[in-house]
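To start, the structure under review is shown below, and the notes come after it.
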Amino acid sequence: MDAVLRYLAGEEDIEVVGHGGDGQFALHLIAQAQPDVALLDIRMPKLGGIEVARTLAATNSPTSVILYTGHGDRALLLEALDIGVRGFLLKEAPLDDLVRAMRMVAAGESYVDPGLARLLTGPRATDRLHAITKREREILRLLADGMRNEQIAATLSISPLTVRTHVKNAMEKLEADTRTQAVARALRQSLIT
């Protein structure tokens, strides 16, 4: 973790406000510093990353959570999505991906490591397949790839407002509270691949 902290400290737009070795201390630091983003190991002593995220959600904390994990556990990832975790990253990912994920989550976007996205796929939900339009699926796929609204708009030659409208509609159809949940549910139901 020291290498990660040193790398993040070298980024001009990222300020590391604290770090700790267990979940209880992480909760204390988050309450004290109120960072925009908390990078949490999914498995920590005392309280794991999911338990910390659940506590933050229950207290309406403004801090967004990225779970950092050495391996994917599908059940834990699905549980984290239901809590509202905004980012998922494998520890083996390049540190540039971590910085990208932190910037995206801080900006209100979501990030799912492609290696973890595959774990979230599941049986096809044909009723939702027909409810979600082709364009909504296309935009959800680009969100899953880590693109922001402006990038999606440029890629598809549509306006960012149109992208936001499609995302909003897809979230409603998928009964998702966050963009991350929408992407994860679409992946889980094989609406996108």
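The values are calculated or read from the model by the stated rules, or taken from the named source; none is laboratory data. Computed from a predicted structure; not experimentally measured. Glycine also receives a Cβ, built like all others from the backbone with ideal geometry; neighbour counts cover every protein chain displayed.
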Next item on the list: Determine whether Ala154 is in a helix (DSSP H, G or I) and touching a strand residue (DSSP E or B) at 6+ places or on another chain (Cβ under 8 Å).
Entry: no
Margin query: Considering only residues that are in contact with an Asp or Glu (Cβ under 9 Å, 6 or more places away or on another chain) and of a type in the set (A, V, I, L, M), which ones fall in the stretch 49-66?
Written below: Ile50
Check: Considering Gly23, Gly18, which residue is more than 16 Å from Asp177 (Cα to Cα), crowded, with 18+ Cβ neighbours inside 10 Å and more than 17 Å from the chain's Cα centre (by Cα)?
Finding: Gly23
Note to self: For the condition under 20 Å from Ala176 (Cβ atoms) and at pLDDT below 85, what is the one hit in Leu67, Leu77?
What the structure shows: Leu77
Check: Could you say whether any residue in the stretch 176-185 is buried (at least 21 other Cβ atoms within 10 Å of the Cβ) and either more than 18 Å from the chain's Cα centre (by Cα) or farther than 20 Å from Met104 by Cβ (or both)?
Finding: no
Next item on the list: Go through the stretch 26-41 and give me each residue that's hydrophobic (A, V, I, L, M, F, W, C), more than 15 Å from Leu67 (Cα to Cα) and touching a Gly at 6+ places or on another chain (Cβ under 9 Å).
Entry: Leu29, Ala33
Note to self: Scan the stretch 157-164 and tell me whether some residue there is part of a helix (DSSP H, G or I) and under 20 Å from Gly84 (Cα atoms).
What the structure shows: yes
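The rows are residues; the columns are (1) modelled with pLDDT under 90; (2) among the β-branched types (Val, Ile, Thr).
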{"residue": "Arg137", "(1), (2)": "yes, no"}
{"residue": "Met147", "(1), (2)": "no, no"}
{"residue": "Gln151", "(1), (2)": "no, no"}
{"residue": "Ala154", "(1), (2)": "no, no"}
{"residue": "Ile158", "(1), (2)": "no, yes"}
{"residue": "His166", "(1), (2)": "no, no"}
{"residue": "Asn169", "(1), (2)": "yes, no"}
{"residue": "Asp177", "(1), (2)": "yes, no"}
{"residue": "Ala182", "(1), (2)": "yes, no"}
Check: Does the stretch 29-53 hold any residues that are surrounded by fewer than 21 Cβ atoms within 10 Å (Cβ to Cβ) and part of a helix (DSSP H, G or I), and which are they?
Finding: Leu29, Ala31, Gln32, Ala33, Glu51
Next item on the list: Take the stretch 1-50 and flag every residue that is among the polar types (S, T, N, Q) and either touching a residue at least 40 places away in the same chain (Cβ under 8 Å) or in contact with a Lys or Arg (Cβ under 6 Å, 6 or more places away or on another chain) (or both).
Entry: Gln24
Notebook entry, point to check: Is it fair to say Ala26 is assigned to a helix (DSSP H, G or I), in contact with a helix residue (DSSP H, G or I) (Cβ under 9 Å, 6 or more places away or on another chain), of a type outside the set (Ser, Thr, Tyr) and farther than 22 Å from Glu175 by Cα?
Noted result: yes
